[in-house]
1. Out of the stretch 274-297, which residues are open to solvent by 10 Å² or more (accessible area, probe 1.4 Å) and out of contact with any Ser or Thr (no Cβ under 9 Å at 6 or more places or on another chain)?
2. Could you please give the count of residues in the stretch 69-91 that are charged (D, E, K, R) and either over 13 Å from residue 113 (Cα atoms) or not in a helix (DSSP H, G or I) (or both)?
3. Looking at the stretch 519-574 only, could you name the residues that are buried (at least 22 other Cβ atoms within 10 Å of the Cβ) and among the charged types (D, E, K, R)?
4. Mind counting the residues in the stretch 228-271 that are farther than 22 Å from residue 203 by Cβ and surrounded by fewer than 17 Cβ atoms within 10 Å (Cβ to Cβ)?
5. Take the residues in the stretch 310-332 that are in contact (Cβ under 8 Å) with a residue 40 or more places away in the chain and assigned to a helix (DSSP H, G or I), then tell me which one is least open to solvent (accessible area, probe 1.4 Å).
6. Can you find, within the stretch 143-191, the residue that is nearest to the chain's Cα centre (by Cα) among those that are open to solvent by 40 Å² or more (accessible area, probe 1.4 Å) and of a type in the set (A, V, I, L, M)?
7. Take the conditions without any contact (Cβ under 8 Å) to a residue 40 or more places away in the chain, open to solvent by less than 10 Å² (accessible area, probe 1.4 Å) and out of contact with any Ser or Thr (no Cβ under 7 Å at 6 or more places or on another chain) and apply them to residue 129. Does it pass?
8. Would you check if residue 386 is within 25 Å of the chain's Cα centre (by Cα) and within 21 Å of residue 584 (Cα to Cα)?
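The values are calculated or read from the model by the stated rules, or taken from the named source; none is laboratory data. Since the structure is predicted, the reported quantities are computational estimates derived from the model, not experimental observations. Note: ideal-geometry Cβ built from the backbone for every residue, glycine included; neighbour counts use all protein chains shown. With ligands, DNA and RNA removed, areas are computed over all heavy atoms of the protein, side chains included. Shrake-Rupley method; radii C 1.70, N 1.55, O 1.52, S 1.80 Å.
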Amino acid sequence: ESNCSTASFKTIKMATATEAPESWYLALLGFAEHFRTSSPPKIRLCVHCLKAVFQFKPTQRIEARTHLQLGSVLYQHTKNIELARTHLEKAWFISQQIPQFEDVQFEAASLLSELYCQQNLVDSAKPLLRKAIQISQQTPYWHCRLLFQLAQLHTLEKDLVSACDLLGVGAEYARVVGSEYTRALFLLSKGMLLLMERKLSEVHPLLTLCSTIVENWHGNPIQKESLRVFFLVLQVTHYLDAGQIKSVKPCLKQLQQCIQTISTLHDDEILPSNSADLFHWLPKEHMCVLVYLVTVMHSMQAGYLEKAQKYTDKALMQLEKLKMLDSSPILPTFQVILLEHIIMCRLVTGHKATALQEISQVCQLFHQSSRLFTNHAAQLHTLLGLYCISVNCMDNAEAQFTAALQMTTHQELWTFIVTNLASVYIREGNRQQEVLSLLRLSTNVCLLCSSHCLRAAAFYIRGLFSFFEGRYNEAKRFLRETLKMSNAEDLNRLTACSLVLLGHIFFVLGNHRESSNMVVPAMQLASKIPDMSVQLWSSALLKDLNKSCGNTIDAHEAAQMHQTFSQQLLQDHMAACSLPEHNLIGWTEGLPPVQLQPQNGPTTGLTSLL
């Protein structure tokens, strides 16, 4: 095959010596494209054809375009990044000397800056993009695309202020060139970053403006609906970050209806008349997964764990299909976030062994992407800390939460970790000073924290500590505050935990009637979630309550329930502790291990929440 192609090139060179340059160029380009699109691609032959172009001493235009094509092929299909970089640098340099050659010039700049970032040469990428932005103002598509690219670069560097400034510049430029669609994309992207920075006073007017722009824009139906999805995703995640699970329901319903509308629309092949409109936020399939994801987040926080499981299964199935055809880095990110949520669900529903296996999947994804590890290591340590609590490995739980705290500056995650670390110290029983220190710290942070859910959880932890210290009236006061807050936003798990703890307090105080009024609805709610630990706790209390009141039949029934829950938890406990993945509880630094030794058997005892 190689000899054949070499002979072909010689024939072309001889036959075209007296022909117009375009004919030999088109012939070589045709060969190159044929080899590139073969199945499997024949990249070496494609590169060979493109390099042959230089033997004909082509014009500057052809020379620059060929360097761009070579750089692109080498960058995307080979590991020869240095050679790709050389060709792209030549394409960028030559194209700047040629008038009206914007497509090659700016594509070279865009691809070259991407390559620089891959080589950790961010300081080379930034000035390149700035220069390209400066000279592209008469080319709306490229000017907008390069602004988006530089904003993304700043975002990856956590310089959200510079990224927001660039997106603001892009929005104003899009308005000037008459592209309300791309203006909305810039503004929604800026809104997303402002939400990340917790600049809520700036987010609200910006989202109001976006809503007006989206509703008034009449263009491609899919583009319009995708803008609406982007807008609603921001609204929903804003509510979820604030722990407002009840308030978010109307927006979430709109979002789910919107994605159903998009799935029925056919892609319109007609290109927009304004070149600045040649953008899309996400492919339809990615938007579907994203809507599943935010639905899982809502179900998890609200305590609808079976619903969370159903949507996680759908989303992960869709992701597996997409990853076979699509290498977009956003897909593994979606996968990790879905796994993080479903792992929490498993721990609550008493499926620790399954949770461990899913934790192992996250570890494997970390080994495939350093970016994922950097962005999600704190969350993984937090999940391992929660797992350690569930199997009563309190020293390991403390080590995991401590490692997680060192890896995050995210206010809500930090507060969540501190709250759970306080629960570890409370359970250990001899760490009062550490508990008091953490409670003071979390109280100060909660005053700044925008999450209704975390503020309610902080009251619960204070109530739990007061209960263990024997200060029952103080505990009741904190727990009633938790109940008030959790009922306001349908935070079912917090409601169930608060009710059962209040029931326990009333039982200790001898107020059996009031205890029953708390424990019975706690049990009902825990069964609905389902929360295995609260069911175990509630059934133990019901058994003791009925026994104290002389209700022998009810006491026997509660005892049988308690025995059933105990057996289920014990079996799951033994299965989890016997897995090789159980050894992950000892990992506190660096990348997580993927080769794990099997366990000889469980090394920890099963205890109840008490």
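1. Within the stretch 274-297, 285, 290 meet the criteria.
2. 3
3. Selection gives 531, 572.
4. Initially, the stretch 228-271 is screened for residues farther than 22 Å from residue 203 by Cβ, giving 256-257, 259-271.
Filter once more, so that each one left must be surrounded by fewer than 17 Cβ atoms within 10 Å (Cβ to Cβ): 256-257, 260-261, 263-271.
The total comes to 13.
5. Checking each candidate, the answer is 331.
6. Top of the filtered list is 156.
7. No.
8. yes
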